[in-house]
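Presented below is the structure to which this report refers.
Since every read-out is calculated from the coordinates, none of them should be taken as a lab result. If you're wondering where the values come from, they're calculated on a predicted model, not measured in any experiment. Note that we place each Cβ from the backbone using ideal geometry, even for glycine, and neighbour counts take in every protein chain shown.
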Amino acid sequence: MKVLQVIDQAYRTTTEEQDDTILWLTQSMRGAGGDLMVLLSGHGVHYAISRERQPALTLGTWRQTQPAELPRDIANLVESGVPVYAIQDDLEERGLGGLALQNGVRPVARRAVAELYEQADQVWHW
Amino acid sequence: MSHYLFIQSQDPFTETRTHHQFDLIGQLHDAGHQVAVLLVQNGVTPARRGAKSDLFDDLLLWGVTVRADQFALAQREIDHADLKDQIGVADMDLVIDAMLAGHKVIWH
Amino acid sequence: MSDTKTLTFAFMEPPFESERTVTFFRLLDAALDRGAGVRVFAYEGAVALAFARQQPHGNAVHHRDSEEEDHPLTKDWIAALQEKARSKGIGFEWINCGLCVDERGVNDVIEGCGRGGPPDLWRYASEAHNTLTIGTR
């Protein structure tokens, strides 16, 4: 069974969870043998061009020491054999069209997303 | 040919993402797949006769099967007669039947 | 659940926040009506749906005490669905993401709700006839 994970949001709880929860879920399921693909859409395309670790939060005397490492998480997925796609049109909408994608992330035109849906047995839209 | 059921909880009045969601539904429909949409929660709001959303009305124009959740309609005091032509009323069993039939059921 | 088809649901919404919660529970109920076994993977805020210390309360604005107000609690909805599944002789399983439970301190869950992780979601999905995921926003 092949599942397409559609990540349509970004930065929802990346500060307090120290990762994106669906990227994390996907990595963990991949480790359990899951046959998965990832489609970054909407604000999720920001992850495709992410280069740096997330900023560390400071509140009063509390200081975050382990902020999220989104580039690492994307790289881990690609290295583990999970195809990662980002919708080119969504990148361009957000002024990100001219930026280089992370190694291994494949751009996909919005008009081709339907074909991607057809490649999966199930589509999990988050 | 595949069967798709989209559970549409987002509405075009508050969520700009619905624009692309409806486009995708149209693309799958145009590609010859059986595509249905169940409107739930505030997703039912463009279904009311007189509601102004060209994006939503295009779904009907394209011939996509659209149903609206009876519970969400009742909450908003929308009767069947208040709905735009072509929109039927359904309940959660529509989703379960689609899942049991092996259709691709996707939450928007 | 050998003779029945099983459906898996992954859900992320915490209780008392969103319309999604009601839709999600109605889906589970409808699945049982169709005779389908149900498996739930509760992720992130959804782990609090089964929190055993949820308490009903009265409501002064409604002019009702606790008994009269009869406030809905998601732990009771889960218990009601468990009971319905039992009466129909079909399966109803519920796994909370353990890490999500720990960080929220909602370890005290009602009977019949277990603890696990993403590999359980993959196992549930792999064994099920179909799976629906409902995220949060």
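Straight-distance candidates among the lysines for linking to A:K2, with alpha-carbon spacing under 19 Å and chain neighbours fewer than 8 residues away dropped: B:K104. Residue exposure proxy: C:V47, A:V113, ordered by other Cβ atoms within 10 angstrom of their Cβ from fewest to most, comes out as A:V113, C:V47. Amide H to amide H, with H built 1.01 Å from N, B:F6 comes under 5 Å of B:A36, B:V37, B:L38, B:I106, counting only residues 5 or more places away or on other chains.
Peptide A:41-48 shows a mean partner chain C-beta count of 1 within 10 Å per residue C-beta. Annotation: the antiparallel percentage among DSSP beta bridges lying fully within region A:2-125 is about 10. When the chymotrypsin sites (Phe, Trp or Tyr not before Pro) in region A:1-72 are filtered for DSSP coil states and for at most 10 other beta-carbon atoms within 10 Å of their beta-carbon, no site remains.
Cysteines of chain C lacking any other cysteine Cβ under 4.7 Å from their own Cβ: C:C113. Karplus-based coupling profile of region C:72-87, in residue order and whole Hz: x, 10, 5, 4, 6, 5, 4, 4, 5, 6, 4, 5, 4, 5, 4, 5, with θ = phi - 60° in 6.51 cos²θ - 1.76 cosθ + 1.60 and x standing for Gly or Pro. Using the alpha carbons alone, the radius of gyration of chain B stands to its Kirkwood radius in an Rg to Rh ratio of 0.93. Summary of packing: across the peptides A:35-46, C:48-59, the per-residue average of other C-beta atoms within 10 Å ranks them, highest first, as A:35-46, C:48-59. Within region C:1-93, the GluC sites (Glu not before Pro) that combine a DSSP coil assignment with at most 15 other C-beta atoms in a 10 angstrom radius are C:E17. Considering chain A at the alpha-carbon level, its Rg and Dmax are found to be 14.7, 51 Å. Taking the average, over residues, of other Cβ atoms within 10 Å as the packing measure, peptides B:53-59, B:90-96, B:74-80 rank B:90-96, B:53-59, B:74-80 from highest down. Counting only other chain Cβ atoms within 10 Å of each residue's Cβ, the peptide B:9-17 averages 2. Against the empirical curve 2.2 N^0.38 Å, the C-alpha radius of gyration of the protein assembly as shown lands at a ratio of 1.01. Listing C:S18, A:S80 from fewest to most neighbouring C-beta atoms within 10 Å gives A:S80, C:S18.
Residues whose amide H comes within less than 5 Å of that of B:R76, counting only those at least five positions distant or on another chain, are absent (H built at 1.01 Å from N in the peptide plane). Here r is the Cβ-Cβ distance between A:Q66 and A:R106 and R0 is 30 Å; the resulting FRET efficiency, rounded to 0.05, is 0.55.
How large is the Kirkwood hydrodynamic radius of region C:1-128, in angstrom, based on all distinct alpha carbon pairs? Hydrodynamic radius (Kirkwood, Cα pairs) of region C:1-128 is 15.2 Å.
Label zone of A:K2 (point 7 Å out along Cα→Cβ, amide N under 13 Å): in region A:90-126 this covers A:115-123. The charge dipole of region B:1-77, taken about its Cα centre with unit charges on the Cβ of Lys, Arg, Asp and Glu (plus for the first two, minus for the last two), comes to roughly 200 debye.
Proximity of backbone amide H atoms, modeled 1.01 Å from N, is registered between A:A86 and A:L40, A:R106, A:V108 at under 5 Å, excluding neighbours fewer than 5 places apart on the same chain.
Within the listed set A:I22, A:I87, A:I74, the residue fluctuating most in the Gaussian network model of chain A (springs between alpha-carbon atoms under 10 angstrom) is A:I22.
Packing-based ranking of C:121-132, B:12-23 yields C:121-132, B:12-23, ordered from highest to lowest mean Cβ neighbour count within 10 Å.
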